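**Q** Sending over a structure as structure tokens; questions will come in a sec.
The values are calculated or read from the model by the stated rules, or taken from the named source; none is laboratory data. For clarity, every value in this text was computed on a predicted model and none was experimentally measured. Cβ sites come from the backbone with ideal geometry, for glycine too, and all protein chains shown count toward neighbours.
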Amino acid sequence: MKALVMTGKQEMKMEEREIPTPKDNEVLIETAYAGICGTDNALFNGLPGSADAVPPIVLGHENSGVVKAVGKDVTNFKEGDRVSVDPNIYCGKCFYCHIGLFEECDNLSAVGVTRDGGLEQYFTAPDTVVYHIPDSVSLKEACSMEPISCGVHTMHIMDNIQPHMNALIIGDGYMAKIFAQLLRAYGVQDITMTGRHDDLLAQEQKQLNLNHVVNTTKEEIPSNYDIVIEAVGTPETQEAAVKHTNKGAQVMMFGVGAPGQTFSMNTYEIFKKQLTVKGSMINPNSFEDTLALLESGAVDITPFQANVISLDEVEGVLNHTTPKVGKTVVAVNPDLK
């Protein structure tokens, strides 16, 4: 089989490998689609994701495909099942797992980060992180279950979301578009999104039924908000997220900055407004809600999967010799249905 192997920092090589044999508790999956995201770009450049990726490793943590074989202890999957994979595997033994804070697991491993992922024709995963997908959800859609589930986890760790709250999303990338739909699904009625291009913002306002859009290259964010989701990850946008808050607001820092990056906050304002500022790490216990949102149509990502590429094109996307604007998915085997 073909496997696109990250052999070192900013180095990839297409290799011919044997199809892996699933262990007793594992599922062998033929990859249909694999999403490319900012984490893959970080890992390619030698930065950490949810964990460190040590070459040689096959990236690809946003995956969908079809079961080809199962280990002898697997009873809930069979050959031919259509599936998606939650890449994150928790040890269940450390202090953080014992208190239910699985995303902070001391021994976290992940498909496409610490073990080979979907940028190859076949990969394995423990049956505990494999999910059946309904017939109404395509395999192309299903490869985005992981990023959607990260957004769902953010919604899970917010406090008492109410319809009267107004929300600001800073950024208009793929995750920002997902958050716009999640906020609406969770009952928020007034949503504003920021961006840097009038034409894109106008299109996004229509597609996502946004109440307001703001081009931050031309105008100030005009109000304060009860919920602010920062989906960019720069010091400037993180500072703006804290600044544009109502009393009692929640600020969710979802955008991932560089290790060592800092930003400034007015601590008196945090005290005076009684703000809650949180980070959001990966996606524990979020795949079932993600499936429900996709199956119901409350979240629709098909208009935003902008680029479909082959395995041969992945390195060019990651090293920016053939950059793509918008979400990119790799069609490893698009003939799978």
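**Q** Please note which strands (runs of 3 or more DSSP E) are completely contained in the range 1-120 and include at least 1 residues that are under 22 Å from Asp335 (Cα atoms), small (Gly, Ala, Ser) and in contact with a Phe, Trp or Tyr (Cβ under 8 Å, 6 or more places away or on another chain).
**A** Strands (runs of 3 or more DSSP E) meeting the threshold: 62-70, 82-85.
**Q** Moving on to the next point. Just the residues that are charged (D, E, K, R) and either surrounded by fewer than 24 Cβ atoms within 10 Å (Cβ to Cβ) or part of a strand (DSSP E or B) (or both), please, taken from the range 121-171.
**A** Asp127, Asp135, Lys140, Glu141, Asp159
**Q** Let me ask another. Condition first: closer than 27 Å to Leu4 by Cβ, of a type in the set (D, E, K, R) and at pLDDT 95 or above. Now tell me which residues in the range 274-328 satisfy that.
**A** Asp312, Glu313, Glu315, Lys327
**Q** I need every pair where a residue in the range 250-267 that is within 17 Å of Asn41 (Cα to Cα) has its Cβ under 7 Å from the Cβ of a residue that is among the small types (Gly, Ala, Ser), sequence separation at least 6 or different chains.
**A** If the second residue must be among the small types (Gly, Ala, Ser), the pairs left are Phe254/Ala231; Phe254/Ser280; Gly255/Gly171; Gly255/Ala231; Gly255/Gly233; Val256/Gly38; Val256/Gly233; Gly257/Gly233.
**Q** Can you tell me which residue is surrounded by the most Cβ atoms within 10 Å (Cβ to Cβ) among those in the range 11-28 that are out of contact with any Lys or Arg (no Cβ under 7 Å at 6 or more places or on another chain) and closer than 28 Å to Cys105 by Cα?
**A** The qualifying residue surrounded by the most Cβ atoms within 10 Å (Cβ to Cβ) is Val27.
**Q** Has the range 69-81 got at least one residue that is of a type in the set (Gly, Ala, Ser), assigned by TED's automatic domain parsing to the domain that holds Ser296, free of Cβ contacts under 8 Å to residues at least 60 places away in the same chain and under 26 Å from Val277 (Cα atoms)?
**A** no
**Q** Quick one: which of Asn160, Asn209, Asn166 is farther than 18 Å from Gly38 by Cβ, modelled with pLDDT under 95 and not acidic (Asp, Glu)?
**A** When all the criteria are applied, what remains is Asn160.
**Q** Is it true that Ile229 is within 30 Å of Gly260 (Cα to Cα), under 24 Å from the mean Cα position of the chain (by Cα) and in a strand (DSSP E or B)?
**A** Considered against the rule, which asks whether it is within 30 Å of Gly260 (Cα to Cα), under 24 Å from the mean Cα position of the chain (by Cα) and in a strand (DSSP E or B), Ile229 comes out as yes.
Results for (1) farther than 30 Å from Val85 by Cα; (2) surrounded by 15 or more Cβ atoms within 10 Å (Cβ to Cβ); (3) out of contact with any His (no Cβ under 7 Å at 6 or more places or on another chain); (4) assigned by TED's automatic domain parsing to the domain that holds Gly38, shown as yes or no for each residue.
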site	(1), (2), (3), (4)
Ile221	yes, yes, no, no
Val228	no, yes, no, no
Pro235	yes, no, yes, no
Thr267	yes, no, yes, no
Leu275	yes, yes, yes, no
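**Q** Going by the structure shown, is Val317 buried (at least 20 other Cβ atoms within 10 Å of the Cβ) and either in the same structural domain as Val66 (by TED's automatic domain parsing) or not in a helix (DSSP H, G or I) (or both)?
**A** No; evaluated as a whole, the condition is false for this residue.
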